[in-house]
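Everything below concerns the one structure shown next.
The values are calculated or read from the model by the stated rules, or taken from the named source; none is laboratory data. Nothing here was measured: the structure is a model prediction, and the numbers come from that model. Backbone-built Cβ (ideal geometry, glycine too); neighbour counts: all protein chains shown.
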């Protein structure tokens, strides 16, 4: 557990100076794979539009926290990060195969969860954390594009 905490701290101190979210998340997944020695895969679907650097930074930090939580609390052995451009929103999903996280129905109790929710709200996104369909936990951040809700 101490080793995971040290590795998670190292991951959390990484900072993205990139404005290209897919590139930054690809780097984050590679670094997580190296640090935690577990598969961490990043995929994109459809073209991802350029985003404001502040939005990119908040989304990046949400992924950092979700990955760290997956390893520290969920004891995940596999993590997947997916960024998709839907018709009117970006969907960022982080799924792990660890211990399922209890559904909170919008009420976030831990500090990390509250910070993730705060970051999502700062950029006009919504955050959902729930048990995965078969195992683990799924974190979904939905960001409306072009001011659409």
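From the list 58, 64, the lone residue that is in contact (Cβ under 8 Å) with a residue 40 or more places away in the chain, within 14 Å of residue 120 (Cβ to Cβ) and within 9 Å of the chain's Cα centre (by Cα) is 64. A count restricted to region 59-96 and to residues that are part of a loop (DSSP other than H, G, I, E, B), touching a strand residue (DSSP E or B) at 6+ places or on another chain (Cβ under 8 Å) and surrounded by fewer than 23 Cβ atoms within 10 Å (Cβ to Cβ) stands at 3. Within region 34-55, can you find the residues that are part of a helix (DSSP H, G or I) and in contact (Cβ under 8 Å) with a residue 24 or more places away in the chain? Within region 34-55, 35, 36, 53, 54, 55 meet the criteria. Taken over region 33-55, residues that are modelled with pLDDT under 95 and touching a helix residue (DSSP H, G or I) at 6+ places or on another chain (Cβ under 7 Å) amount to 4.
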